[in-house]
Amino acid sequence: MDYSEKIDYLANLIKKSPYTLALTGAGISTESGIPDFRSPGTGLWTKYDPMKVATVSALERDPAAFYKINLDRWTRYNGAEPNAAHYALTRLEREGLLYGVITQNIDGLHRKAGLKQLWEVHGHLRTCHCMDCTQSFPFSCLVDQFNAGINPPRCDKCGGVLRLDVVLFEDALGEDFVQAVQAMTKCRLLIVVGSSLQVYPVAALPERAKQLAVINKEPTPWDDRAEIVINEMAGRVLTDILAALGIM
Ligand code: NAD
Ligand code: ZN
């Protein structure tokens, strides 16, 4: 199949599916200027190993060093804007062609693009909490302290160290993941967008879909199981899908 045949094929799968979900990863946000982990040359893995620096044990061992290494990257996510791919998924949801999105991203761009049904299975950057008394605070409390030279940032109730509400390596997944697994039981078509499908347990979710479509620049371990694989930029593909569905 050439590119336009693939677009028509996926558009038809979407039209026929009574319950479609999308599963998105860092690749949907690269067109918003946020580097992913594994793209050759530009991915964050090429600079350092997030599995070593973004872990619970790194945070517990030396919270000040943890924030020094990671916080700059996370605060930059908050300044990014959604791109054509995020907006196209929102449009599909509005048209009743997409039930919701399961995202591994913490950048909040689906929400900024107006998506309603979203499961943020790796957390988000809107809040943080005290590691001792569990009190919740806006994320800005953590950033403002860090910028004022208070590192690690601390709880103003008990003095405990603040941590972000993102899932770090070594963390268990939370309520959004439980709900996403539940939603997958009804899923006919799962459209993966911009994920290398290598981070578990999220990478096991495609197993639960009756039909699978993959939109990713590079091959994934699930390509053999997919009805359709499109190795192109997510913004272009999803914009063309809207056009093929006549909802530009
Ligand atoms: P990944 O880096 O492992 O894979 C991203 C994939 O997207 C790659 O295979 C790459 O080829 C593809 N890609 C890159 N740009 C693309 C584009 N414009 N169009 C289509 N495909 C494109 O990312 P992952 O699978 O999400 O796993 C990494 C983990 O890192 C996740 O848990 C995620 O939470 C976290 N992360 C999040 C952000 C973010 O919030 N934006 C950024 C970096 C990492
Ligand atoms: Zn506290």
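The values are calculated or read from the model by the stated rules, or taken from the named source; none is laboratory data. Note that the coordinates shown come from a computational prediction; the quantities given were computed from them, not determined experimentally. Ideal geometry is used to build each Cβ from the backbone, glycine not excepted, and the neighbour counts take in all protein chains shown.
Conditions tested, residue by residue: (1) charged (D, E, K, R); (2) within 11 Å of ligand 1 (Cβ to nearest atom); (3) within 26 Å of Asn83 (Cα to Cα); (4) touching a helix residue (DSSP H, G or I) at 6+ places or on another chain (Cβ under 9 Å).
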{"position": "Ala172", "(1), (2), (3), (4)": "no, no, no, no"}
{"position": "Glu175", "(1), (2), (3), (4)": "yes, no, no, no"}
{"position": "Met184", "(1), (2), (3), (4)": "no, no, yes, yes"}
{"position": "Leu189", "(1), (2), (3), (4)": "no, no, yes, yes"}
{"position": "Val193", "(1), (2), (3), (4)": "no, yes, yes, yes"}
{"position": "Leu197", "(1), (2), (3), (4)": "no, yes, yes, yes"}
{"position": "Ala203", "(1), (2), (3), (4)": "no, yes, yes, no"}
{"position": "Glu207", "(1), (2), (3), (4)": "yes, no, no, yes"}
{"position": "Ala213", "(1), (2), (3), (4)": "no, no, yes, yes"}
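Tally time: how many residues in the range 84-135 are of a type in the set (Ser, Thr, Tyr), touching a residue at least 12 places away in the same chain (Cβ under 8 Å) and within 16 Å of ligand 2 (Cβ to nearest atom)?
Matching residues across the range 84-135 total 1.
If Phe137 satisfies all but one of (1) over 26 Å from Ala204 (Cα atoms); (2) touching a helix residue (DSSP H, G or I) at 6+ places or on another chain (Cβ under 6 Å), what's the number of the condition it fails?
Only one criterion in (1) over 26 Å from Ala204 (Cα atoms); (2) touching a helix residue (DSSP H, G or I) at 6+ places or on another chain (Cβ under 6 Å) is unmet by Phe137, namely (2).
Gly246: within 16 Å of ligand 2 (Cβ to nearest atom), in a loop (DSSP other than H, G, I, E, B) and exposed (fewer than 14 other Cβ atoms within 10 Å of the Cβ), yes or no?
Against the criterion (within 16 Å of ligand 2 (Cβ to nearest atom), in a loop (DSSP other than H, G, I, E, B) and exposed (fewer than 14 other Cβ atoms within 10 Å of the Cβ)), Gly246 does not qualify.
For Leu162, state whether it is assigned to a helix (DSSP H, G or I), within 16 Å of ligand 2 (Cβ to nearest atom) and buried (at least 19 other Cβ atoms within 10 Å of the Cβ).
In short, no.
Can you name the condition, by its number, that Ala209 falls short on among (1) buried (at least 18 other Cβ atoms within 10 Å of the Cβ); (2) closer than 23 Å to Ser32 by Cα?
(2)
With respect to Asn231, is the statement that it is at pLDDT 95 or above, within 16 Å of ligand 1 (Cβ to nearest atom), over 13 Å from Thr24 (Cα atoms) and polar (S, T, N, Q) true?
So Asn231 fits the description; yes.
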